[in-house]
Amino acid sequence: LVFAGHAHGGQVRIPGFGGLFARGQGVLPKYTAGVFEEGTTTMAVSRGLGNSTVPIRIFNPPEIVVMELTSLSRSLPPQ
């Protein structure tokens, strides 16, 4: 499980498409917001609350993500 942020959601987003640019990820970044699965790893990326040097967020509202982690052994039926 990976928690990540600091991409500001791509700063500028196009609804239904995603972020246009994220510092350190370039144009059309893959990981700007949401939950992703790569193999056996789950990654949750938050758009966060702040801005970068340019204080603009277009179609990209700030967010706080709350996740509840539960034990896998509690969710499996007894064997």
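The set of residues in the range 14-28 being free of Cβ contacts under 8 Å to residues at least 24 places away in the same chain and within 18 Å of PRO62 (Cα to Cα) consists of GLY16, PHE17, GLY18, LEU20, PHE21, ALA22.
The set of residues in the range 20-50 being out of contact with any strand residue (DSSP E or B) (no Cβ under 9 Å at 6 or more places or on another chain), surrounded by 13 or more Cβ atoms within 10 Å (Cβ to Cβ) and in a loop (DSSP other than H, G, I, E, B) consists of ARG23, GLY48. I need the full set of residues from the range 1-27 which are in contact with a Phe, Trp or Tyr (Cβ under 8 Å, 6 or more places away or on another chain) and either on the phi > 0 side of the Ramachandran plot or among the aromatic types (Phe, Trp, Tyr) (or both), in order please. Once the filter is applied, which keeps residues that are in contact with a Phe, Trp or Tyr (Cβ under 8 Å, 6 or more places away or on another chain) and either on the phi > 0 side of the Ramachandran plot or among the aromatic types (Phe, Trp, Tyr) (or both), the range 1-27 yields GLY10, GLN11. Checked against (1) touching a residue at least 24 places away in the same chain (Cβ under 8 Å); (2) of a type in the set (D, E, K, R); (3) closer than 21 Å to LEU69 by Cα, GLU37 passes all but a single condition, namely (1). Can you work out which of the residues in the range 58-74 that are modelled with pLDDT of 85 or more and among the charged types (D, E, K, R) is farthest from THR32 (Cα to Cα)? Filtering the range 58-74 for residues that are modelled with pLDDT of 85 or more and among the charged types (D, E, K, R), the one farthest from THR32 (Cα to Cα) comes out as GLU68.
The values are calculated or read from the model by the stated rules, or taken from the named source; none is laboratory data. Because the structure is predicted, anything quoted here is derived from the model rather than measured. Cβ atoms come from the backbone with ideal geometry, glycine included; neighbour counts cover every protein chain shown.
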